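Worksheet: the structure to be examined is printed underneath.
The values are calculated or read from the model by the stated rules, or taken from the named source; none is laboratory data. Everything numeric in this text was worked out from a predicted model, so none of it was measured. All Cβ positions, even for glycine, are placed from backbone atoms using ideal geometry, and neighbour counts span all protein chains on display. The area values use the complete protein model at the heavy-atom level, side chains included, leaving out ligands, DNA and RNA. Shrake-Rupley method; radii C 1.70, N 1.55, O 1.52, S 1.80 Å.
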Amino acid sequence: MTDLLGLAAIVPASAGACCTVGAWRPGRAVDVVAAVVMVAAMVDGAFGPRVLPGVLWFVVLALLAVAVAAVHRVQSASGASGASGSDGRPGSAPAVRVASAHGRFGRLHAALGLLVMGAMGVGMAHGPGMTGMSGAGMHGHGGVVAVTWQLVLGGLTIGYLLLTAHMVRDGVRRRARALPVVETLAMGIAVAVMSAAML
């Protein structure tokens with residue numbers, strides 16, 4: 001059942017990645033790369049034997065999460081400096097700022113999703129075996145590491161799903177463009193299915 005749920009999570013994640021690719025514009029190349037790599041990590045975890053171990057996928061996805069956040073910060077800073085109306089039309093900059101929650105939290109959502117999926121990949125790779133580290137005389141330490149990892153993962157997952165719900169609700173309420181809303185919803189579904197697979 002766990003394997004089936006893991007496979008099922010690939011479908012919405014792939015749909016979300018397709019939305020990211022479809023919404024591509026200059027400055028969003030890192031988002032496209034991150035989405036494709038995340039799906040690749042999920043596929044690698046679902047079909048054994050793994051090409052890369054779960055821990056290495058986590059490191060790759062964490063680095064991409066940092067890159068996504070850094071690019072967003074740089075673009076926000078440059079956007080703020082040129083916000084006085086680069087097209088000469090008054091009111092054009094505020095319209096971008098209030099578009100939807102996706103505009104405000106989209107990159108945070110993407111970066112957090114990379115961390116969550118990477119952490120879940122480690123958890124599923126070591127699932128019952130995370131406590132299996134205890135077999136070699138590390139019972140206490142292995143148990144503490146496993147519990148701590150599950151607590152951190154649980155907190156990240158809950159935060160991610162709450163942010164997803166907020167962004168989707170805000171996008172629907174504001175009648176935002178459909179593609180970002182579908183992208184956000186699809187990734188939220190993928191995380192929810194992966195969470196169910198780990199229970």
Residues of region 44-61 being outside any loop (DSSP other than H, G, I, E, B) and exposed (fewer than 15 other Cβ atoms within 10 Å of the Cβ), which ones?
Val55, Val59
Cβ pairs under 6 Å, 6+ apart, first in region 5-29 and free of Cβ contacts under 8 Å to residues at least 24 places away in the same chain and aromatic (Phe, Trp, Tyr), second surrounded by 14 or more Cβ atoms within 10 Å (Cβ to Cβ) and assigned to a helix (DSSP H, G or I):
Trp24/Val32
How many residues are in contact (Cβ under 8 Å) with a residue 24 or more places away in the chain and farther than 19 Å from Arg104 by Cβ if we restrict to region 147-199?
17
Can you confirm whether Ala101 is out of contact with any Leu (no Cβ under 8 Å at 6 or more places or on another chain), open to solvent by less than 50 Å² (accessible area, probe 1.4 Å) and at pLDDT 70 or above?
no
Expected output for region 44-63 (first residue within 12 Å of Met117 (Cβ to Cβ), partner in a loop (DSSP other than H, G, I, E, B) and charged (D, E, K, R), Cβ below 9 Å, 6+ apart or cross-chain) is Asp44/Arg50; Trp57/Arg50
Do we have Ser81 as open to solvent by less than 70 Å² (accessible area, probe 1.4 Å) and either modelled with pLDDT under 90 or in contact with a Cys (Cβ under 6 Å, 6 or more places away or on another chain) (or both) here?
no
Do we have Ala35 as open to solvent by less than 40 Å² (accessible area, probe 1.4 Å), of a type outside the set (Lys, Arg) and in a helix (DSSP H, G or I) here?
yes
Which of the residues belonging to region 18-64 are closer than 17 Å to Leu7 by Cβ, modelled with pLDDT under 85 and aliphatic (A, V, I, L, M)?
Ala46
Going by the conditions given, is Ala197 closer than 18 Å to Ser14 by Cα, at pLDDT 80 or above, among the hydrophobic types (A, V, I, L, M, F, W, C) and open to solvent by 10 Å² or more (accessible area, probe 1.4 Å)?
no
